[in-house]
Each structure stands twice: as structure tokens, then as C-alpha cells.
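Worksheet: the structure to be examined is printed underneath.
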There are 2 protein chains.
Amino acid sequence: MPDSFPPDSVGLVAPQKLHFDTPLTLACGQTLDRYELMVETYGTLNADASNAVLICHALSGHHHAAGYHTEDDRKPGWWDTCIGPGKPIDTNRFFVVSLNNLGGCHGSTGPNAINPESGRPFGPDFPVITVTDWVNSQARLADRLGIQTWAAVVGGSLGGMQALQWSMSYPDRLRHAVVIASTPRLTAQNIAFNEVARKAITSDPEFHGGRFYDHDAIPRRGLMLARMVGHITYLSDASMGEKFGRELRDQAYKFGFDAEFQVESYLRYQGERFSETFDANTYLLMTKALDYFDPAYEHDNQLAKAVAQAQCEFLVLSFSTDWRFTPARSEELVRALIAARRKASYAEIDAPWGHDAFLIPTPRYMDIFTTYMDRVAREVGA
Amino acid sequence: MPDSFPPDSVGLVAPQKLHFDTPLTLACGQTLDRYELMVETYGTLNADASNAVLICHALSGHHHAAGYHTEDDRKPGWWDTCIGPGKPIDTNRFFVVSLNNLGGCHGSTGPNAINPESGRPFGPDFPVITVTDWVNSQARLADRLGIQTWAAVVGGSLGGMQALQWSMSYPDRLRHAVVIASTPRLTAQNIAFNEVARKAITSDPEFHGGRFYDHDAIPRRGLMLARMVGHITYLSDASMGEKFGRELRDQAYKFGFDAEFQVESYLRYQGERFSETFDANTYLLMTKALDYFDPAYEHDNQLAKAVAQAQCEFLVLSFSTDWRFTPARSEELVRALIAARRKASYAEIDAPWGHDAFLIPTPRYMDIFTTYMDRVAREVGA
């Protein structure tokens, strides 16, 4: 590892693209005959393949969770705060697997990939993917990597839903599920925000019904708005106040409609940058996967019945100012786990950063996460 | 009054358009040489003109606050729950004045009015209006109606900002300010939501830089998105859950992007209806007036110094689940009033409806509001 990377970094990493040829039947009824998954791994798989940890990503995430792709990268992977030597997910002990989910836009098969049937990008013909579909595709990935049982499946937000679904879909293939800043189902308000984002994208004239690739167009305005709305829900009122307050970019009011308050230019910048890198159809798919996730739905709306399928142990973490997925939603899950007599540890972390807190290494969060993962490592002799 | 109207309704009412020819200098430095205000009144002005109450409207409000315009109207004015015979603002005792604010799109001079200089609609040339400008124009209206002193100036949300501004701009022209579900200034999160709404409108290709009238176009998509976002912030997570939950329009998931959840179709309907009736430039102006309001700003950021200008008494009301303008924001105002040794009554009403609660006649809200206004009426001998 070159000197330029911090000592607790996994350093230079290279993604790999894995091909799958066994047809995958999806919840929607459609079948993907073949697909590719973009994957990164950190650390070393031990002899009995017992030290593997799966990282599941959230709405705008991808396979690049830790380390750097080039010597010149200014920013590491999206969860570098938690993955690396000596970090909660310690790459000196665990073999960490991170992938871009099916339907994504960072190399795995998704709407921007070529549909073999038409020779053109799938666009709106790409099937709607559910959390269960992702977990099924991740199980194939585990097979490919020779991993029968994950030491832990870990995820924040939408990633936490995948960890929870793993515990129900493949109860004998994971020892621990770590569900962070997540929820067992969206509220009406959550769905409403997702619907605004979708409507922003689909009503953008550059969306062309999802076939914007064929028109050499990008629905930038829609994606920008979707991201701006999303971003507000990732932060807390207090942290936005702390960060921006009512600070103006210049001294006085301008009485026009340019960005005047710092928070306005910040949001615009975030939205614009996102709109240049993310696929609009993927955004739609991700929000729909969020909306649909509801394991209780097929169990008489009783979450305890749903999670009774699980055999693993759970660590559930929430953050005090997260108003997207409030601590109450995590507590709902924990109550169901207790009712189903599963082993569950729970902590609400006091942090001012809203939903984004799951990406920020506050001391109590890191302490609890590290302690738990240390126990997981010792259990599997890692 | 015909039998068809409820007995506690003001019944049939007719708006009137008042012309003003004395130039009004605005906070932005521009001057409106002449303008019109659309006004409704309910009840009778008493001999010494002491029983007048001014109603100030919120973002999407207008002059039609109570009663019906035709026998066939299905819905009364927007605050009919609080204005009428025997209601908190009792039209048997008070002379109630309600107007469409300058910059509005319901008959008062605004961006969709003809600019005498160009002979075309003002559009983006209409000056940015502040809460202080509104209060100044309302003072002209009071002069016109022969009202030297309001018994009370009353408003919810953005309307509450006007009531507060009245107390500071014209301390000797009102006896009471009733500030409901409001705030002495927006937070960064509030501004952020407004910025999303503005960006949705201005990035709609049909906006044409605000000159959509000249293009025979309406930025419907942008207005719809703006309203959808706004609407989410007017309701509480709990009330949306209560009203819609995760209820589907049909039995099962459809795995597509049509509105599936009830909350999605509700939001789309609200957005579409709004986009057909509201002016996009007015929406921009209203959000900007909200963002700019900050009476403490010119008093060393000390709200107590700003409100020390006031002479009137205050009733401040907030609602427990209002996350747009939380009770904490009202308490900030009350603390400043107390520090400035003003007379203030305050109540936080326990209501599940979020910000919209100020429009809903919950018993404790009605009790407190009625009791307070009864005292106001007795003070002025009404």
C-alpha cells in the first residue's frame, strides 16, 4: 500500500464484474436470463470461508464501499469510515464483499445495460426489482465466491432492508444481520417523498418515457430535483441549521431568484452533481424497492411472524435525529424480534446528523459497531 | 341567507376590487405606482370603527376566507372553520377584512396582471414582495376602509408573519396580534424545501423564464411538484399514516410506476389541481417572502429587540405535530416577547394534523381561540 493512503485504509482496490448465466426469476414474475454484478472485496477469505461479511448498499450506493480506485482518488469508497484495518468491519479479520445491486448504474446489469433482446438499453423494459430479488442475486454471488454462510450481512437504510430480508429468505446462510438506520417498511410520508422524486424524473421532458438513452438525452432537471428532495430528508433540521443556518452567500438580500442562502447553493450543487452521474431509471427502481419492502405484508401484517423465519442474531441501530427512518421504526423491528424470541441488540445513537448519521463515525456508534463485529469475528475464529 | 348554507356561515359574499393610486415603495427599492387589492369583508364595522379584524393569508391563500360566492359552491372560503357567526372570529361582533395579497394570483395586482409599462403581463418583472410590503399595503387598505386601529390582526403560517410584522411596523394600529402555526424566521430546512419548489418551477421548460403567459404555456409540471413537496410538509408523518398508511389502490403490487399507493394518487391529484389554478410566478414570490422574513436580522439577530417595537398583546398558538413550523419556533417568539416585556398568551395545541392543523377546528384550539377573541371583542365593546 503506498504511503499516500491512511494506515486504516484498505488502500487500492479493483472492482470485478461477475457474469451469471442461471436465469433469475424476479418477484414481478419476469426472468433475467443472464446478468452481471459489479463486485469489490476487501480482506482475505479464511480456510473454512466463515469470515465473509456482505455489505448491502442504499439508494445511491454501489460496490465501491472502501479504499481507492486510483492513487489520485480524493475520496475513498462510500463506507470507508466503517470498513478497513481496525475499523468496525475489520478487514484484517473479515473478508468483505460489496456489490452494486441488480438494476444499479455502476456496472451491474440495470436499465442502462444493453437488452440482449433488442440490442438497445433496457430503459423502462428493465424489470422492477425488489429487496427479495436483490437478496436472491446476492445468494448466487455467495455461491460463486464459495461462501455458504455469511458471518454477517450488514447494511444501512435500504441496505438494512436487505440484511433483514437475508435473515428471512436464507435463515441458515448468515450468522448475524446488522440493520442500521433502517425500517421494516416505509411510512406514507416516506412513500410520498419517493413519489415526488419519481414524478420529478418521469415528468422531465428529457426522460422520454425512460428511453432517454435512445434520444441522447438525460433527464437532468428531474434527477436534480429528486436528489434535492432526497438530500433534505437525509439531514436533520438541526444539522442543516448548524451547517448553513440562514447564512447568505452575499451580504444582503438580492430580491431575485438566484441562490442566495448557502443552503440553496449547497442543494443545487448536490443535485447537479448527482444528475451527471446517476441513472434516472435506476433511481426509479431503487425508490420502488424501498416502497415495496414490507415483510409483514404477507404475514397478516404481523412483523413478528415474518421475522420468526430468521435464525441469526441481530444488531439494530438507529439515530436520534433521523426523521426519514426514525428510531421508532427500528424499535418496531426490535419489538417484533423480541416477540419472535430472536436474539437482538439495539441502540439508539445520539447524533445530530439525521439519516446520514449512519455514514458518520461518531464515537458511540463506532464503539457499539466495533464491539459487536469483534464478537462476530471471534465467533468465526477470525 | 338561503336555507342551503349552514347557520354558522356568513353565507353569500362578494369580493370587491379596490384601486390604489398612491405609489408604494417596496423593500426591494422598486415602486408600484398603482395597484389593486381584491378584498372581502364579513360582518359590520361599528360606529367608532373599533371592531375590525384583519385576516392575513398563507402561501396559497386568498381573499375568500369565509362564506360562499354562489349558491352552488360546494366549499366555503379557506378559513370558514374560524370565521362566522359564533365562530372564534365572530362576524356578529367583528368586521372582518380579508384580502388577496399583492403579488397574488386571485385578483390583486401580481405577476399575471398587465404591466402598464409594457401592456403585457408583468411575469418576472413583478417586484419581489416582502412581508413588510404586504403590511404596508394592508395599512393603505385600512386607511381606505376608515380603520385607524385593528382590534386584531390574525394569521396562520405566512399569515402569522404578517400579524407579527404589523405589531412592529404599525405598533399603534392594532390592539392584538394572533400568530398561529408560524415562526419568526425560516430554518435552513424550510428554505431548502422552498428552494426545491422554486427549482421545480423555474426548471420546467414551460416556465419560459417567467414569461409563460406570452408563450400561451403553463409550467404545470413544476407547479405540481412544488405543491406535492409543499403538501408533504403541511401534514404530519402520523396523519399521513392515519389517512393513507400503505394502502394500495388495487389489491397487489403492479411492479410499474403508476400511482399504486393511495398516498401517491392523493398527492398527484392535489398537485394537478393546484397546477391548474395557481400562478407559478406568484408561487415563487410567496416562497421568497417566507425565506426573507426575519425581523431579528436588522436588530443584531436579537428577536427581543425587534419585537420590543410592538405595543399590542399577542396570542401565539402552535400545534404539537407541526414539523414545518414546530412549537419550538413559536416558543422562540414567545420567549422574545417575554424578554421584551410584551403581553403574550401561548398555547401548544395537541393535534395530529401537522401544519395543516391551523385550518382544522379541534376543540381545544377553538376554545382558546374563541376565548381570546371574546376578550378582544369585549375590549372594543363589540
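Quick look at the numbers
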| item | result |
| --- | --- |
| Net charge of neighbours whose Cβ lies under 15 Å from the Cβ of residue A:325, counting Lys and Arg as +1 and Asp and Glu as -1 | -4 |
| Charged-residue dipole, Cβ positions (Lys, Arg, Asp, Glu), the stretch B:258-382 about Cα centre, Debye nearest 20 | 700 |
| Sites residue B:70 and residue A:92 - FRET efficiency at Förster radius 60 Å, r taken between beta-carbons, to 0.05 | 0.20 |
| Antiparallel bridges, percent of DSSP beta bridges restricted to chain B (to nearest 5) | 35 |
| Contour excess over end-to-end distance, with Cα ends at residue B:335 and residue B:320 and 0.36 nm allotted per residue | 3.6 nm |
| Environment charge at residue B:370 (Cβ cut-off 11 Å; Lys +1, Arg +1, Asp -1, Glu -1) | 0 |
| Among B:300, B:80, B:237: highest mean-square fluctuation, GNM of chain B, C-alpha pairs under 10 Å | B:300 |
| Exposure proxy ranking, count of Cβ atoms within 10 Å, fewest first, for B:178, A:135, A:154 | A:135, B:178, A:154 |
| Kirkwood Rh and Cα Rg combined as Rg/Rh, the stretch A:181-320 | 1.08 |
| Placed amide H near residue A:236: partners under 5 Å, 5+ positions off or other chain | A:354, A:355 |
| Length added when fully stretched, residue A:370-residue A:19, from 0.36 nm per residue minus Cα-Cα | 123.0 nm |
| Straight-distance crosslink candidates among lysines, where the alpha carbon sits under 20 Å from residue A:87 and sequence neighbours closer than 8 are dropped | A:75 |
| Choice from A:117, A:260, A:242 with maximal GNM fluctuation in chain A (Cα, 10 Å cutoff) | A:117 |
| Charge dipole of chain A about the Cα centre (unit charges at C-beta), most positive-ward option of A:167, A:83, A:340 | A:340 |
| Compactness of the protein assembly as shown - radius of gyration and Dmax, Cα, Å | 28.7, 96 |
| Cα Rg, Dmax (largest Cα-Cα span) when computed across the stretch A:233-382, Å | 20.3, 65 |
| Order of B:109, B:233, A:31 - criterion: other Cβ atoms within 10 Å of each residue's Cβ, fewest first | A:31, B:233, B:109 |
| Formal net charge of residues neighbouring residue B:232 (Cβ-Cβ distance under 14 Å; K, R +1; D, E -1) | +2 |
| In sequence order, calculated HN-Hα J values of the stretch B:26-41 (Karplus, 6.51, -1.76, 1.60; Hz; x Gly/Pro) | 9, 4, 6, x, 7, 10, 9, 5, 8, 7, 10, 10, 8, 9, 10, 10 |
| Inter-copy label distances at residue A:29 (7 Å, Cα→Cβ; nm, one decimal) | 6.4 |
| DSSP-defined antiparallel bridges as percent of all bridges, the protein assembly as shown, nearest 5 | 35 |
| Reachable lysines from residue A:305, criterion Cα separation under 27 angstrom, eight or more residues apart if same chain | A:288, A:343, B:243, B:254 |
| Size descriptor, Kirkwood hydrodynamic radius, that averages inverse alpha-carbon separations across chain B, Å | 21.5 |
| Globularity index of the stretch A:221-283, i.e. its alpha-carbon radius of gyration over 2.2 N^0.38 Å | 1.23 |
| Dipole of the stretch B:74-201, positive direction: furthest Cα of B:92, B:136, B:182, with charges on the beta-carbon | B:92 |
| Unit charges on C-beta of K, R, D, E only; dipole of the stretch A:157-244, Debye | 160 |
| MRE, 222 nm, helices only [DSSP H, n ≥ 4, -39500 (n - 2.57), over chain B, to nearest 500] | -10500 deg cm²/dmol |
| Other-copy label distances relative to residue A:7, 7 angstrom Cα-Cβ extension, nm | 8.5 |
| Relative contact order (%) - criterion: Cα under 8 Å, at least six apart; region: chain A | 17 |
| Placed amide H near residue B:176: partners under 5 Å, 5+ positions off or other chain | B:152, B:153, B:313 |
| FRET E, pair residue B:250, residue A:305, Förster distance 25 Å, beta-carbon r, rounded to 0.05 | 0.55 |
| For the stretch A:56-180: span of alpha carbons on each principal axis (Å, largest first) | 48, 42, 27 |
| Across the identical copies, how the residue B:114 labels are spaced - nm, sorted shortest first, 7 Å along Cα→Cβ | 6.1 |
| Bins of 10 Å, starting at 0 and running to the largest distance - Cα pair percent for the stretch B:41-100 | 24, 52, 21, 2 |
| GNM flexibility winner over chain A from A:101, A:190, A:51 (Cα, springs under 10 Å) | A:190 |
| About the Cα centre, charge dipole magnitude for chain B (Lys/Arg +1, Asp/Glu -1 at Cβ), debye | 620 |
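Bear in mind that the values in this text are calculations on the coordinates, not laboratory data. Everything numeric in this text was worked out from a predicted model, so none of it was measured. Positions of Cβ are backbone-derived with ideal geometry, glycine not excepted, and every protein chain shown enters the neighbour counts.
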